[in-house]
Amino acid sequence: MAKKKDTTTLYCSFCGRSDREVELMLPGMNGCICNDCAERAVELSREYLNKMSSSMLPDLDMDSLPKPEEIKAYLDQYVIGQETAKRYLSVAVYNHYKRLNQKRDDDIDIEKSNIIIVGPTGTGKTLLAKTIARMLKVPFAIVDATVLTEAGYVGEDIESLLTRLLAACDYNVAEAERGIVFIDEIDKIARKGDNPSITRDVSGEGVQQGLLKLLEGSVVNVPPQGGRKHPEQKMIAVDTKNILFICGGAFEGIERKIAQRLNTHVVGYGASNHVSRTDRDKLLHFVAPQDLRSYGLIPEIIGRLPILTNLEPLDRDALLRILTEPKNAIVRQYKKLLEMDGVELVIDDDVLTFVVDKSIEYKLGARGLRSLFETIMIDVMYQAPSLKEKRYVLTREFAERQLSKSNFDLLASNS
(Lines give C-alpha, C1' and ligand atoms only; values in the text may rest on other atoms or scores of the structure.)
Protein backbone atom coordinates (compact mmCIF):
# COMPACT_ATOMS: atom_id res chain seq x y z
CA MET A 1 0.00 0.00 0.00
CA ALA A 2 1.43 3.41 -1.04
CA LYS A 3 2.32 5.78 1.75
CA LYS A 4 0.18 8.88 1.75
CA LYS A 5 2.01 12.20 1.41
CA ASP A 6 1.68 14.53 4.38
CA THR A 7 -0.53 17.33 3.04
CA THR A 8 0.05 19.50 6.07
CA THR A 9 3.78 19.87 5.33
CA LEU A 10 4.81 22.46 2.77
CA TYR A 11 7.69 21.76 0.37
CA CYS A 12 9.72 24.26 -1.63
CA SER A 13 9.05 23.85 -5.36
CA PHE A 14 12.67 24.80 -6.13
CA CYS A 15 14.90 22.97 -3.63
CA GLY A 16 12.40 20.43 -2.29
CA ARG A 17 13.01 21.15 1.38
CA SER A 18 10.14 21.13 3.84
CA ASP A 19 8.96 24.02 5.96
CA ARG A 20 10.62 22.38 8.97
CA GLU A 21 14.05 22.69 7.30
CA VAL A 22 13.87 26.40 6.43
CA GLU A 23 13.12 29.60 8.30
CA LEU A 24 10.21 30.74 6.13
CA MET A 25 8.04 29.13 3.45
CA LEU A 26 6.03 31.34 1.11
CA PRO A 27 3.02 29.55 -0.37
CA GLY A 28 1.65 30.36 -3.80
CA MET A 29 -1.15 29.28 -6.12
CA ASN A 30 0.52 26.08 -7.34
CA GLY A 31 3.63 25.78 -5.19
CA CYS A 32 5.84 27.22 -2.50
CA ILE A 33 9.24 28.87 -2.24
CA CYS A 34 11.51 29.02 0.77
CA ASN A 35 13.32 32.15 1.94
CA ASP A 36 16.72 30.88 0.75
CA CYS A 37 15.48 30.28 -2.81
CA ALA A 38 13.66 33.61 -2.80
CA GLU A 39 16.82 35.49 -1.82
CA ARG A 40 18.80 33.64 -4.48
CA ALA A 41 16.13 34.42 -7.09
CA VAL A 42 16.34 38.13 -6.23
CA GLU A 43 20.13 38.08 -6.62
CA LEU A 44 19.97 36.26 -9.96
CA SER A 45 17.26 38.53 -11.35
CA ARG A 46 19.12 41.70 -10.29
CA GLU A 47 22.36 40.41 -11.82
CA TYR A 48 20.56 39.48 -15.05
CA LEU A 49 18.76 42.81 -15.37
CA ASN A 50 21.96 44.78 -14.73
CA LYS A 51 23.77 42.75 -17.35
CA MET A 52 20.97 43.23 -19.85
CA SER A 53 20.82 47.00 -19.27
CA SER A 54 24.59 47.34 -19.60
CA SER A 55 24.72 45.20 -22.73
CA MET A 56 22.08 47.19 -24.59
CA LEU A 57 23.60 49.46 -27.22
CA PRO A 58 23.04 53.15 -26.43
CA ASP A 59 20.19 54.72 -28.34
CA LEU A 60 22.16 57.31 -30.30
CA ASP A 61 19.99 57.84 -33.36
CA MET A 62 19.60 61.32 -34.82
CA ASP A 63 16.45 62.03 -32.81
CA SER A 64 17.96 61.22 -29.42
CA LEU A 65 21.53 62.37 -30.10
CA PRO A 66 22.28 65.53 -28.07
CA LYS A 67 23.07 68.60 -30.16
CA PRO A 68 26.41 70.39 -29.72
CA GLU A 69 24.82 73.17 -27.65
CA GLU A 70 23.23 70.56 -25.36
CA ILE A 71 26.56 68.75 -24.96
CA LYS A 72 28.31 72.00 -24.07
CA ALA A 73 25.56 72.93 -21.61
CA TYR A 74 26.07 69.58 -19.90
CA LEU A 75 29.83 70.12 -19.78
CA ASP A 76 29.27 73.55 -18.21
CA GLN A 77 27.70 71.84 -15.19
CA TYR A 78 30.92 69.98 -14.38
CA VAL A 79 33.80 71.87 -16.04
CA ILE A 80 34.53 75.53 -15.35
CA GLY A 81 35.87 77.69 -18.18
CA GLN A 82 37.63 76.16 -21.21
CA GLU A 83 34.96 77.49 -23.57
CA THR A 84 36.97 76.86 -26.75
CA ALA A 85 37.79 73.26 -25.84
CA LYS A 86 34.16 72.54 -24.94
CA ARG A 87 32.97 73.79 -28.33
CA TYR A 88 35.55 71.72 -30.21
CA LEU A 89 34.71 68.60 -28.22
CA SER A 90 30.95 69.06 -28.52
CA VAL A 91 31.09 69.40 -32.30
CA ALA A 92 33.60 66.57 -32.73
CA VAL A 93 31.59 64.11 -30.62
CA TYR A 94 28.33 65.10 -32.30
CA ASN A 95 29.82 64.61 -35.77
CA HIS A 96 31.34 61.29 -34.73
CA TYR A 97 28.01 59.80 -33.70
CA LYS A 98 26.33 61.34 -36.74
CA ARG A 99 28.87 59.37 -38.73
CA LEU A 100 27.67 56.18 -37.04
CA ASN A 101 24.10 56.99 -38.09
CA GLN A 102 25.07 57.74 -41.69
CA LYS A 103 22.93 55.98 -44.26
CA ARG A 104 24.97 54.15 -46.87
CA ASP A 105 22.98 55.51 -49.81
CA ASP A 106 25.79 57.49 -51.46
CA ASP A 107 29.53 57.38 -52.04
CA ILE A 108 30.38 59.97 -49.36
CA ASP A 109 32.42 58.39 -46.59
CA ILE A 110 32.68 60.54 -43.46
CA GLU A 111 36.07 60.11 -41.83
CA LYS A 112 36.54 59.67 -38.09
CA SER A 113 37.50 62.81 -36.17
CA ASN A 114 39.83 61.83 -33.35
CA ILE A 115 40.78 64.62 -30.94
CA ILE A 116 44.00 65.74 -29.27
CA ILE A 117 43.88 68.12 -26.29
CA VAL A 118 46.91 70.14 -25.22
CA GLY A 119 46.91 71.73 -21.79
CA PRO A 120 48.77 71.99 -18.48
CA THR A 121 48.19 69.37 -15.81
CA GLY A 122 45.11 69.86 -13.67
CA THR A 123 43.12 71.86 -16.23
CA GLY A 124 40.44 69.25 -16.92
CA LYS A 125 41.50 67.11 -19.89
CA THR A 126 40.39 63.83 -18.34
CA LEU A 127 37.29 65.41 -16.79
CA LEU A 128 36.05 66.67 -20.15
CA ALA A 129 36.29 63.25 -21.80
CA LYS A 130 34.78 61.47 -18.80
CA THR A 131 31.84 63.89 -18.63
CA ILE A 132 30.99 63.48 -22.32
CA ALA A 133 31.03 59.69 -22.00
CA ARG A 134 28.72 59.91 -18.97
CA MET A 135 26.27 62.06 -20.88
CA LEU A 136 26.13 59.78 -23.93
CA LYS A 137 26.08 56.61 -21.77
CA VAL A 138 28.70 54.92 -23.92
CA PRO A 139 31.62 52.76 -22.74
CA PHE A 140 34.56 54.87 -21.67
CA ALA A 141 38.12 53.93 -20.75
CA ILE A 142 41.14 55.94 -19.61
CA VAL A 143 44.50 54.48 -20.55
CA ASP A 144 48.02 55.72 -19.92
CA ALA A 145 50.37 55.87 -22.88
CA THR A 146 53.48 55.67 -20.70
CA VAL A 147 53.13 51.91 -20.06
CA LEU A 148 52.97 51.02 -23.78
CA THR A 149 56.01 49.65 -25.56
CA GLU A 150 56.76 47.90 -28.82
CA ALA A 151 56.06 44.18 -29.09
CA GLY A 152 58.75 42.08 -27.44
CA TYR A 153 59.79 44.59 -24.79
CA VAL A 154 58.87 45.00 -21.14
CA GLY A 155 55.56 46.80 -20.88
CA GLU A 156 52.17 46.40 -22.52
CA ASP A 157 51.22 45.91 -26.15
CA ILE A 158 49.43 48.74 -27.92
CA GLU A 159 46.31 46.59 -28.38
CA SER A 160 46.00 46.13 -24.62
CA LEU A 161 44.60 49.65 -24.22
CA LEU A 162 41.31 48.32 -25.62
CA THR A 163 41.10 45.78 -22.79
CA ARG A 164 39.83 48.43 -20.37
CA LEU A 165 37.19 49.50 -22.89
CA LEU A 166 35.98 45.91 -23.16
CA ALA A 167 35.94 45.55 -19.37
CA ALA A 168 33.85 48.75 -19.08
CA CYS A 169 31.03 47.13 -21.08
CA ASP A 170 31.36 43.57 -19.73
CA TYR A 171 33.24 42.44 -22.85
CA ASN A 172 30.35 43.25 -25.17
CA VAL A 173 32.29 43.78 -28.39
CA ALA A 174 29.44 45.47 -30.27
CA GLU A 175 29.04 48.05 -27.52
CA ALA A 176 32.79 48.57 -27.13
CA GLU A 177 33.09 49.36 -30.83
CA ARG A 178 30.99 52.50 -30.23
CA GLY A 179 32.86 53.68 -27.14
CA ILE A 180 35.36 56.40 -26.30
CA VAL A 181 39.00 55.84 -25.33
CA PHE A 182 40.96 58.61 -23.63
CA ILE A 183 44.72 58.15 -24.09
CA ASP A 184 46.42 60.20 -21.39
CA GLU A 185 50.04 61.37 -21.36
CA ILE A 186 50.29 61.18 -25.15
CA ASP A 187 53.20 63.62 -24.97
CA LYS A 188 55.31 61.08 -23.05
CA ILE A 189 55.66 58.90 -26.17
CA ALA A 190 57.13 61.75 -28.25
CA ARG A 191 60.40 60.89 -29.95
CA LYS A 192 63.51 62.57 -28.69
CA GLY A 193 64.26 64.61 -31.84
CA ASP A 194 62.57 65.91 -34.97
CA ASN A 195 64.46 63.41 -37.12
CA PRO A 196 63.50 59.71 -37.32
CA SER A 197 65.19 57.56 -34.68
CA ILE A 198 68.31 55.66 -35.71
CA THR A 199 68.21 53.41 -32.65
CA ARG A 200 65.18 51.63 -31.24
CA ASP A 201 62.79 53.96 -29.43
CA VAL A 202 60.60 51.26 -27.91
CA SER A 203 58.45 53.54 -25.75
CA GLY A 204 58.38 56.57 -28.04
CA GLU A 205 58.29 56.55 -31.81
CA GLY A 206 57.68 52.79 -31.89
CA VAL A 207 54.49 53.19 -29.84
CA GLN A 208 53.31 56.03 -32.08
CA GLN A 209 53.70 53.81 -35.14
CA GLY A 210 51.77 51.05 -33.41
CA LEU A 211 48.92 53.43 -32.55
CA LEU A 212 48.38 54.37 -36.20
CA LYS A 213 46.20 51.39 -37.09
CA LEU A 214 44.11 51.81 -33.94
CA LEU A 215 43.45 55.50 -34.53
CA GLU A 216 42.63 55.09 -38.20
CA GLY A 217 40.43 52.05 -37.78
CA SER A 218 41.22 48.36 -38.20
CA VAL A 219 40.36 44.98 -36.74
CA VAL A 220 42.85 44.18 -33.97
CA ASN A 221 43.19 41.17 -31.68
CA VAL A 222 42.91 42.25 -28.06
CA PRO A 223 44.18 40.13 -25.15
CA PRO A 224 41.23 39.74 -22.73
CA GLN A 225 43.37 40.22 -19.62
CA GLY A 226 45.65 42.91 -21.06
CA GLY A 227 49.42 42.78 -20.90
CA ARG A 228 51.36 40.79 -23.46
CA LYS A 229 49.92 38.58 -26.19
CA HIS A 230 51.03 34.98 -26.48
CA PRO A 231 50.06 32.29 -29.03
CA GLU A 232 48.01 30.14 -26.63
CA GLN A 233 45.86 33.04 -25.46
CA LYS A 234 42.38 33.46 -26.86
CA MET A 235 42.02 36.88 -28.50
CA ILE A 236 39.00 39.13 -28.96
CA ALA A 237 38.68 40.79 -32.37
CA VAL A 238 37.70 44.46 -32.06
CA ASP A 239 37.07 46.85 -34.95
CA THR A 240 38.30 50.32 -34.00
CA LYS A 241 36.69 52.04 -36.99
CA ASN A 242 33.90 53.53 -34.87
CA ILE A 243 35.79 54.03 -31.60
CA LEU A 244 36.45 57.70 -30.82
CA PHE A 245 39.96 58.34 -29.52
CA ILE A 246 40.64 61.43 -27.43
CA CYS A 247 44.31 62.04 -26.67
CA GLY A 248 45.53 64.41 -23.99
CA GLY A 249 48.89 65.63 -22.86
CA ALA A 250 50.55 68.46 -20.96
CA PHE A 251 53.30 68.91 -23.58
CA GLU A 252 55.55 70.61 -21.07
CA GLY A 253 57.70 73.20 -22.82
CA ILE A 254 55.71 73.35 -26.06
CA GLU A 255 55.26 77.08 -25.43
CA ARG A 256 58.85 77.56 -26.56
CA LYS A 257 58.05 75.86 -29.87
CA ILE A 258 55.01 78.10 -30.32
CA ALA A 259 56.97 81.23 -29.42
CA GLN A 260 59.68 80.40 -31.93
CA ARG A 261 57.08 80.01 -34.65
CA LEU A 262 55.15 83.19 -33.79
CA ASN A 263 58.12 85.48 -33.21
CA THR A 264 59.91 84.86 -36.51
CA HIS A 265 61.92 87.66 -38.09
CA VAL A 266 61.21 88.30 -41.78
CA VAL A 267 64.21 89.07 -43.97
CA GLY A 268 63.74 91.56 -46.85
CA TYR A 269 62.12 94.88 -47.62
CA GLY A 270 58.91 93.87 -45.90
CA ALA A 271 60.68 93.08 -42.65
CA SER A 272 59.27 94.68 -39.55
CA ASN A 273 61.43 95.87 -36.70
CA HIS A 274 58.64 95.14 -34.30
CA VAL A 275 58.18 91.51 -33.30
CA SER A 276 54.87 90.79 -31.67
CA ARG A 277 55.15 89.57 -28.15
CA THR A 278 52.43 87.28 -26.90
CA ASP A 279 51.56 86.66 -23.28
CA ARG A 280 53.16 83.36 -22.28
CA ASP A 281 49.97 82.25 -20.57
CA LYS A 282 48.08 82.61 -23.87
CA LEU A 283 50.64 80.87 -26.10
CA LEU A 284 48.81 77.53 -25.96
CA HIS A 285 45.90 79.20 -27.71
CA PHE A 286 48.05 79.35 -30.86
CA VAL A 287 49.15 75.71 -30.83
CA ALA A 288 49.28 74.17 -34.31
CA PRO A 289 50.09 70.71 -35.76
CA GLN A 290 53.61 71.82 -36.67
CA ASP A 291 54.27 72.52 -32.98
CA LEU A 292 53.30 68.94 -32.11
CA ARG A 293 55.65 67.69 -34.80
CA SER A 294 58.49 69.82 -33.43
CA TYR A 295 57.74 68.41 -29.98
CA GLY A 296 58.16 64.83 -31.18
CA LEU A 297 54.90 63.45 -32.58
CA ILE A 298 55.31 61.81 -35.99
CA PRO A 299 53.37 63.36 -38.90
CA GLU A 300 51.33 60.18 -39.44
CA ILE A 301 49.83 60.24 -35.96
CA ILE A 302 49.15 63.99 -36.17
CA GLY A 303 47.20 63.36 -39.37
CA ARG A 304 45.02 60.81 -37.55
CA LEU A 305 44.23 63.35 -34.82
CA PRO A 306 42.68 66.05 -37.02
CA ILE A 307 40.96 68.04 -34.25
CA LEU A 308 43.45 69.97 -32.12
CA THR A 309 42.32 72.09 -29.21
CA ASN A 310 43.89 73.45 -26.06
CA LEU A 311 43.02 74.08 -22.44
CA GLU A 312 43.94 77.40 -20.90
CA PRO A 313 45.76 77.59 -17.56
CA LEU A 314 43.30 78.16 -14.73
CA ASP A 315 43.37 81.62 -13.20
CA ARG A 316 42.31 82.62 -9.71
CA ASP A 317 38.65 83.25 -10.58
CA ALA A 318 38.34 79.88 -12.34
CA LEU A 319 39.82 78.02 -9.38
CA LEU A 320 37.41 79.81 -7.04
CA ARG A 321 34.46 78.79 -9.21
CA ILE A 322 35.69 75.18 -9.35
CA LEU A 323 35.41 74.99 -5.56
CA THR A 324 31.69 75.80 -5.47
CA GLU A 325 29.91 75.84 -8.84
CA PRO A 326 30.14 72.36 -10.49
CA LYS A 327 27.65 69.66 -9.49
CA ASN A 328 30.49 67.64 -8.02
CA ALA A 329 32.26 70.63 -6.47
CA ILE A 330 34.54 69.90 -3.53
CA VAL A 331 32.60 72.14 -1.15
CA ARG A 332 29.32 70.47 -2.09
CA GLN A 333 30.82 67.04 -1.51
CA TYR A 334 31.96 67.86 2.01
CA LYS A 335 28.67 69.53 2.88
CA LYS A 336 26.85 66.41 1.70
CA LEU A 337 29.13 64.12 3.70
CA LEU A 338 28.50 66.03 6.94
CA GLU A 339 24.82 66.41 6.13
CA MET A 340 24.57 62.60 6.21
CA ASP A 341 25.73 62.85 9.85
CA GLY A 342 23.18 65.55 10.59
CA VAL A 343 25.79 68.33 10.72
CA GLU A 344 25.46 71.57 8.75
CA LEU A 345 28.80 72.80 7.40
CA VAL A 346 29.22 76.57 6.98
CA ILE A 347 32.38 77.73 5.20
CA ASP A 348 33.55 81.35 5.31
CA ASP A 349 34.43 82.97 2.01
CA ASP A 350 37.92 83.70 3.34
CA VAL A 351 38.58 79.96 3.53
CA LEU A 352 37.89 79.53 -0.19
CA THR A 353 40.15 82.39 -1.21
CA PHE A 354 42.85 81.03 1.10
CA VAL A 355 42.70 77.57 -0.52
CA VAL A 356 42.83 79.08 -4.02
CA ASP A 357 45.79 81.31 -3.14
CA LYS A 358 47.70 78.35 -1.73
CA SER A 359 46.95 76.23 -4.80
CA ILE A 360 48.37 78.98 -7.03
CA GLU A 361 51.36 79.46 -4.75
CA TYR A 362 52.19 75.74 -4.75
CA LYS A 363 51.41 75.45 -8.51
CA LEU A 364 49.04 72.54 -7.95
CA GLY A 365 46.20 73.55 -10.29
CA ALA A 366 42.67 72.23 -9.85
CA ARG A 367 43.90 68.88 -8.56
CA GLY A 368 45.56 70.62 -5.64
CA LEU A 369 42.29 72.12 -4.44
CA ARG A 370 41.08 68.77 -3.15
CA SER A 371 44.42 67.95 -1.53
CA LEU A 372 44.42 71.26 0.31
CA PHE A 373 40.78 70.94 1.32
CA GLU A 374 41.33 67.36 2.50
CA THR A 375 44.17 68.53 4.73
CA ILE A 376 42.04 71.29 6.22
CA MET A 377 38.96 69.13 6.72
CA ILE A 378 40.54 65.98 8.15
CA ASP A 379 40.04 66.97 11.80
CA VAL A 380 36.54 68.28 11.06
CA MET A 381 35.54 65.01 9.42
CA TYR A 382 36.98 63.14 12.41
CA GLN A 383 35.26 65.15 15.15
CA ALA A 384 32.03 66.50 13.63
CA PRO A 385 30.01 63.21 13.59
CA SER A 386 30.55 62.87 17.37
CA LEU A 387 29.79 66.49 18.27
CA LYS A 388 26.49 67.45 19.85
CA GLU A 389 26.40 70.68 17.87
CA LYS A 390 24.68 70.30 14.52
CA ARG A 391 26.33 73.31 12.92
CA TYR A 392 30.04 73.70 12.21
CA VAL A 393 31.61 76.94 10.97
CA LEU A 394 34.92 76.66 9.12
CA THR A 395 37.05 79.80 9.49
CA ARG A 396 40.22 80.98 7.82
CA GLU A 397 42.15 80.89 11.10
CA PHE A 398 41.32 77.21 11.47
CA ALA A 399 42.33 76.53 7.85
CA GLU A 400 45.67 78.29 8.28
CA ARG A 401 46.34 76.38 11.47
CA GLN A 402 45.53 73.04 9.84
CA LEU A 403 47.71 73.76 6.81
CA SER A 404 50.61 74.89 8.95
CA LYS A 405 50.63 71.49 10.68
CA SER A 406 50.91 69.69 7.34
CA ASN A 407 53.86 69.41 4.98
CA PHE A 408 52.36 71.61 2.30
CA ASP A 409 54.67 74.45 3.21
CA LEU A 410 57.54 72.38 1.82
CA LEU A 411 56.01 72.70 -1.64
CA ALA A 412 56.41 76.45 -1.60
CA SER A 413 60.17 76.20 -1.16
CA ASN A 414 60.50 73.50 -3.82
CA SER A 415 58.31 75.16 -6.44
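The values are calculated or read from the model by the stated rules, or taken from the named source; none is laboratory data. What you are looking at is a predicted structure, and each value in this text was computed from that prediction instead of being measured. Note that each Cβ is placed from the backbone with ideal geometry, even for glycine, and that neighbours are counted across all protein chains shown. Note: accessible area is taken over every heavy atom of the protein model, side chains too, but ligands, DNA and RNA are not part of it. Shrake-Rupley method; radii C 1.70, N 1.55, O 1.52, S 1.80 Å.
Quick notes on this one:
- Residue in the stretch 279-289 that is open to solvent by less than 20 Å² (accessible area, probe 1.4 Å), assigned to a helix (DSSP H, G or I) and modelled with pLDDT under 90 present: yes
- Counting only residues that are closer than 26 Å to K241 by Cβ, open to solvent by less than 40 Å² (accessible area, probe 1.4 Å) and assigned to a loop (DSSP other than H, G, I, E, B), the stretch 62-85 holds 2 of them.
- Every residue from the stretch 58-76 that is within 20 Å of the chain's Cα centre (by Cα) and modelled with pLDDT under 90: P58, P66
- For S371: the one exception among (1) free of Cβ contacts under 8 Å to residues at least 40 places away in the same chain; (2) in contact with a Ser or Thr (Cβ under 8 Å, 6 or more places away or on another chain): (2)
- Cβ-Cβ under 7 Å pairs, at least 6 apart or on other chains, the stretch 1-14 side of a type in the set (V, I, T), far side at pLDDT below 50 and open to solvent by 90 Å² or more (accessible area, probe 1.4 Å): none
- Residue list for the stretch 334-345, restricted to those being within 24 Å of A366 (Cβ to Cβ) and either touching a strand residue (DSSP E or B) at 6+ places or on another chain (Cβ under 7 Å) or crowded, with 20+ Cβ neighbours inside 10 Å (or both): Y334, K335, L338, L345
- Of residues in the stretch 351-366 being at pLDDT below 90 and buried (at least 18 other Cβ atoms within 10 Å of the Cβ), the one nearest to G124 (Cα to Cα): A366
- Complete set of residues in the stretch 91-111 that are open to solvent by 50 Å² or more (accessible area, probe 1.4 Å), at pLDDT 85 or above and either in a loop (DSSP other than H, G, I, E, B) or closer than 11 Å to I307 by Cβ (or both): V91, N95
- If you go through the stretch 380-398 and keep only what is acidic (D, E) and modelled with pLDDT of 90 or more, you end up with just E397.
- Pick from the stretch 372-402, criterion among the basic types (K, R) and loosely packed, with under 13 Cβ neighbours inside 10 Å, ranking: farthest from the chain's Cα centre (by Cα): K388
- Taken over the stretch 202-222, the criterion of being open to solvent by 30 Å² or more (accessible area, probe 1.4 Å) and in contact with a Leu (Cβ under 8 Å, 6 or more places away or on another chain) is satisfied by S203 alone.
- For I243, the conditions (1) open to solvent by less than 60 Å² (accessible area, probe 1.4 Å); (2) at pLDDT below 90 are fulfilled apart from (2).
- Checking each residue in the stretch 161-192 for being polar (S, T, N, Q) and crowded, with 20+ Cβ neighbours inside 10 Å picks out only T163.
- Number of the exception - L369 against (1) in contact with an Asp or Glu (Cβ under 9 Å, 6 or more places away or on another chain); (2) surrounded by 15 or more Cβ atoms within 10 Å (Cβ to Cβ): (1)
- L128 satisfies every condition listed in (1) at pLDDT below 85; (2) within 24 Å of L311 (Cα to Cα) except (1).
- Residue check, Y88 in contact with a strand residue (DSSP E or B) (Cβ under 6 Å, 6 or more places away or on another chain), open to solvent by 40 Å² or more (accessible area, probe 1.4 Å) and at pLDDT 85 or above: yes
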